[in-house]
Amino acid sequence: MSSNQYDQLFESFTFKSGVSIDNRIVVAPMTSESSFENGMVTTDELNYFARHSKSAGMIITSCAQFLENGRFSGSLGVSSDTQIEGLRKLANTVKKDGAKAILQIFHVGRMGSAATLKGEQPVSASAVPSNRPAAETPRALSDEEVSDAVTAFGESVRRAIQAGFDGIEIHGANTYLIQQFFSPHSNRREDQWGGNIEKRMTFPMEIIKITEKMVEQYAENPFVIGYRLSPEELENPGITLSDTLKLMQKISETKVDYIHVSLGDYKKTSIRDTANKTPVLKLIKEHLEDAIPLIGVGKVLHPDDALDMMEMGIPLVAIGRALIMEPDWLEKVRTDRLDEIRTEISLKKLDDLVLPAKIVEYIQSPAGWLNIKEQPKGGSRFKELTM
């Protein structure tokens, strides 16, 4: 097949902030659990990003905690000025071939554990554990602590700017703290930070406001602000698509440049309204129209998948696991070498992929989600690629 049919993947895109990217492919944020215990960048991470930052228009890093009580094992940190120098090395590594570097910022919230937090109890909007095995009951943040968290997020944005990143992504997805404040399951508060949907939007919107303020104060060049969210929750009460559309509409009225819709499959339909067979991503696009650009993600393996997503009206396509298996994915599409794109990992040829030890450990575990060419003993336990 001629690569000409994929030309639209290589069109440039300019955000409303003024930042331009060379093409429509985004490297999705993928946690490697490879940072030092103090959240500082390791050589393993730098080597990994150097190998996996080729060709894409934009790279979103693994999540970095803005408070130390928001970390998980091996997560990146942006909670201290002492981390700026390491983050600068990371930003420079990502940008070396022309990609824009976006630092994803998060707080683990109730998804954390006392073991990871050195004995400290996880925190959240309310003292409600998540619906998962062995979930710990978090401590509800006080009103003052919530305000302090907003301030701390702003400081993390300042550090990202000073480290040379081209933007940040607010991680309001995947059941982490910012989503926990928006969710009626994890947020049972009756103060200014919780209650009806408007009050549950308060924390996410304050995070956006402080981000805008810090960008205006510290950024000398155009700077991207992104927001990642999960459109629904299975819990009852839980986030509905209707809730999310209201939040997205409000976000679209701010200086946020894009919304990154976190889905395991870009064709996924509603997990709450199972009768509706229209993909959630398409429903969101139809509702928002052109109010704000979207990034789609989930099971984009072949360039035809990327084109299919763009035909939904989604301008930017995030690719994750396929790029772990094939760091040269986009270049091979560009040069019409689709038959050379690797769709499995050879455990005998890991050196070329430059994967951190934690990723290698995970893909060889019973929960591993990548196609393995030479499966070790017990290989029948491996799951195939699901995203």
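The values are calculated or read from the model by the stated rules, or taken from the named source; none is laboratory data. Everything numeric here is computed off the predicted structure, so don't read it as measured data. Please note: Cβ atoms are built from the backbone with ideal geometry, for glycine as well, and neighbour counts cover all protein chains shown. Areas reflect the complete protein model, heavy atoms only, side chains present, ligands, DNA and RNA absent. Shrake-Rupley method; radii C 1.70, N 1.55, O 1.52, S 1.80 Å.
Assorted remarks:
- Lone qualifier among LYS282, LYS255, LYS267 - being under 18 Å from HIS171 (Cα atoms) and of a type in the set (Lys, Arg): LYS255
- Residues in the range 3-18 that are closer than 17 Å to SER252 by Cα and open to solvent by less than 30 Å² (accessible area, probe 1.4 Å): PHE15 alone.
- When residues of the range 170-184 are limited to those that are in a loop (DSSP other than H, G, I, E, B) and over 23 Å from VAL27 (Cβ atoms), the one most open to solvent (accessible area, probe 1.4 Å): PRO184
- The set of residues in the range 343-364 being open to solvent by less than 70 Å² (accessible area, probe 1.4 Å), touching a strand residue (DSSP E or B) at 6+ places or on another chain (Cβ under 7 Å) and outside any helix (DSSP H, G or I) consists of ILE345 alone.
- Matching entry among GLU144, GLU120 (being in a helix (DSSP H, G or I) and either over 21 Å from PRO184 (Cβ atoms) or without any contact (Cβ under 8 Å) to a residue 12 or more places away in the chain (or both)): GLU144
- For the range 204-230, a residue qualifies if it is open to solvent by 30 Å² or more (accessible area, probe 1.4 Å), in a helix (DSSP H, G or I) and in contact with a strand residue (DSSP E or B) (Cβ under 9 Å, 6 or more places away or on another chain), and exactly one does: GLU212.
- Test: residue in the range 81-101 that is over 21 Å from ASN221 (Cα atoms), part of a loop (DSSP other than H, G, I, E, B) and open to solvent by 20 Å² or more (accessible area, probe 1.4 Å): no
- Of residues in the range 93-142 being touching a Ser or Thr at 6+ places or on another chain (Cβ under 6 Å) and β-branched (Val, Ile, Thr), the one farthest from VAL41 (Cα to Cα): VAL128
- Selection from the range 30-48 of residues that are open to solvent by 10 Å² or more (accessible area, probe 1.4 Å) and under 18 Å from GLY98 (Cα atoms): LEU46, ASN47
- Scope the range 1-41; condition free of Cβ contacts under 8 Å to residues at least 12 places away in the same chain, farther than 16 Å from GLY57 by Cα and outside any loop (DSSP other than H, G, I, E, B); matching residues: ASN4
- Any chance ASP97 is more than 19 Å from the chain's Cα centre (by Cα), charged (D, E, K, R) and at pLDDT below 95: yes
- Any hit, the range 151-169, residues being closer than 22 Å to SER252 by Cα, touching a residue at least 24 places away in the same chain (Cβ under 8 Å), assigned to a helix (DSSP H, G or I) and touching a Pro at 6+ places or on another chain (Cβ under 8 Å): no
- Scanning the range 299-324 for residues that are part of a helix (DSSP H, G or I), farther than 15 Å from ALA56 by Cα and among the aliphatic types (A, V, I, L, M) gives LEU307, MET309, MET310.
- Among the numbered conditions (1) open to solvent by 10 Å² or more (accessible area, probe 1.4 Å); (2) of a type outside the set (Gly, Ala, Ser); (3) under 15 Å from ILE319 (Cα atoms), the only one that ILE60 does not meet is (1).
- MET325 vs. criteria touching a residue at least 40 places away in the same chain (Cβ under 8 Å), touching a Gly at 6+ places or on another chain (Cβ under 8 Å), closer than 22 Å to MET30 by Cβ and buried (at least 16 other Cβ atoms within 10 Å of the Cβ): no
- Selection within the range 42-56 - touching a helix residue (DSSP H, G or I) at 6+ places or on another chain (Cβ under 9 Å) and either assigned to a strand (DSSP E or B) or β-branched (Val, Ile, Thr) (or both): THR42
- Residues in the range 274-298 that are part of a loop (DSSP other than H, G, I, E, B) and open to solvent by less than 80 Å² (accessible area, probe 1.4 Å) were compared, and the one that is nearest to PRO29 (Cα to Cα) is GLY298.
- Of all residues in the range 185-203, those that are touching a residue at least 12 places away in the same chain (Cβ under 8 Å), open to solvent by 20 Å² or more (accessible area, probe 1.4 Å), more than 18 Å from GLU232 (Cα to Cα) and not hydroxyl-bearing (Ser, Thr, Tyr) total 3.
- Any chance ILE161 is among the hydrophobic types (A, V, I, L, M, F, W, C), farther than 17 Å from PRO231 by Cβ and open to solvent by 10 Å² or more (accessible area, probe 1.4 Å): yes
- Summed over the range 102-113, residues that are part of a loop (DSSP other than H, G, I, E, B) and buried (at least 24 other Cβ atoms within 10 Å of the Cβ) total 3.
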